[in-house]
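Single-structure report; data block below.
The values are calculated or read from the model by the stated rules, or taken from the named source; none is laboratory data. Remember, predicted model here, so these are calculated numbers, not experimental data. Note that each Cβ is placed from the backbone with ideal geometry, even for glycine, and that neighbours are counted across all protein chains shown. SASA here: full protein model, heavy atoms, side chains in, ligands and nucleic acids out. Shrake-Rupley method; radii C 1.70, N 1.55, O 1.52, S 1.80 Å.
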Amino acid sequence: MARTFSGEAMLKMTRRIGRLSGLIAAGVAIVGTGSGVMAASYSAFSSPTSVSANSWNTGSVHLTNDIGTAMFTGTNQQMNATGTKCVTVTSDGTLASTVRFYATGFSDSNSLGQHINLVVKMGSGSTNASTCSGFTAASTVYTGSLANLVTGGSAHTDYASGIVTTWAPQAASTTAETKQFQFTWNYDSTTPMSSTAAATFTWETQGS
């Protein structure tokens, strides 16, 4: 049998439920506020550590030569003309490197470059750049025509295609490294008249 309540009993029950709901809501609010206080207190504790003054400084590779201008110049040359010059190349970089040899800026008329025989040797001992007096060769860098050095499938015109000289300078401390290169050229027997040729010889080093 269902129990019935009078109007006054229902009113009292409603008031009790309302007070209980208010207490529960208040409890939740207090807990929420407490969590907020805990979070704020926790974030106030901090202990950073740093590594400062980081820096980077690259080394260098550096080559110079003792001539800088043209080794060979000539006008109105005979077919049997020939020439020899020595150039001293110095490495004073702070990094170990590898030196390669190549030529750029080539031009000629009447294919004169094909008729110029060129031999490049690496060594030491020269006391005179013009005559290579005292020079002793340690290795041959290139033998062939001037044109073949800078044209065709085996052209040597940049570091990537350059001829490895077997010279690998170490990092300079107090003493720079030097090598001497002897250039010898001559015209072949079929050299055309009234012709010209020009080229720039380059040594380039890159760090290992």
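Would you confirm whether any residue within segment 65-74 is in a loop (DSSP other than H, G, I, E, B), over 29 Å from SER154 (Cα atoms) and not charged (D, E, K, R)?
No, segment 65-74 has no match at all.
Condition test on THR127, is it touching a Gly at 6+ places or on another chain (Cβ under 6 Å) and either assigned to a loop (DSSP other than H, G, I, E, B) or crowded, with 18+ Cβ neighbours inside 10 Å (or both)? Give the derivation first.
Numbers: touching a Gly at 6+ places or on another chain (Cβ under 6 Å): yes; either assigned to a loop (DSSP other than H, G, I, E, B) or crowded, with 18+ Cβ neighbours inside 10 Å (or both): yes.
Considered against the rule, which asks whether it is touching a Gly at 6+ places or on another chain (Cβ under 6 Å) and either assigned to a loop (DSSP other than H, G, I, E, B) or crowded, with 18+ Cβ neighbours inside 10 Å (or both), THR127 comes out as yes.
Here are some conditions: (1) closer than 24 Å to SER194 by Cα; (2) under 26 Å from the mean Cα position of the chain (by Cα); (3) not in a strand (DSSP E or B). GLY105 meets all but one. Which one does it not meet?
Condition not satisfied by GLY105: (3).
For segment 165-195, name all the residues that are in contact with a Leu (Cβ under 6 Å, 6 or more places away or on another chain) and in a loop (DSSP other than H, G, I, E, B).
ALA171, SER195 - these are the residues of segment 165-195 that are in contact with a Leu (Cβ under 6 Å, 6 or more places away or on another chain) and in a loop (DSSP other than H, G, I, E, B).
Output the number of residues of segment 196-208 satisfying the condition of being surrounded by 16 or more Cβ atoms within 10 Å (Cβ to Cβ) and assigned to a loop (DSSP other than H, G, I, E, B).
The total comes to 0.
Could you tell me whether THR191 is in contact (Cβ under 8 Å) with a residue 60 or more places away in the chain and either more than 30 Å from the chain's Cα centre (by Cα) or open to solvent by less than 50 Å² (accessible area, probe 1.4 Å) (or both)?
Against the criterion (in contact (Cβ under 8 Å) with a residue 60 or more places away in the chain and either more than 30 Å from the chain's Cα centre (by Cα) or open to solvent by less than 50 Å² (accessible area, probe 1.4 Å) (or both)), THR191 qualifies.
Return the residues of segment 104-131 that are among the hydrophobic types (A, V, I, L, M, F, W, C) and either modelled with pLDDT of 95 or more or within 21 Å of GLU204 (Cα to Cα) (or both); say none if nothing qualifies. It would help to see each step written out before you state the result.
Start the filter on segment 104-131 by keeping residues that are among the hydrophobic types (A, V, I, L, M, F, W, C), which leaves 106, 112, 116, 118-120, 122, 129.
Those that are among the hydrophobic types (A, V, I, L, M, F, W, C) and either modelled with pLDDT of 95 or more or within 21 Å of GLU204 (Cα to Cα) (or both): PHE106, LEU118, VAL119, VAL120, MET122, ALA129.
Does segment 89-102 contain any residue that is open to solvent by 50 Å² or more (accessible area, probe 1.4 Å), at pLDDT 90 or above and hydroxyl-bearing (Ser, Thr, Tyr)?
No, segment 89-102 contains no residue that is open to solvent by 50 Å² or more (accessible area, probe 1.4 Å), at pLDDT 90 or above and hydroxyl-bearing (Ser, Thr, Tyr).
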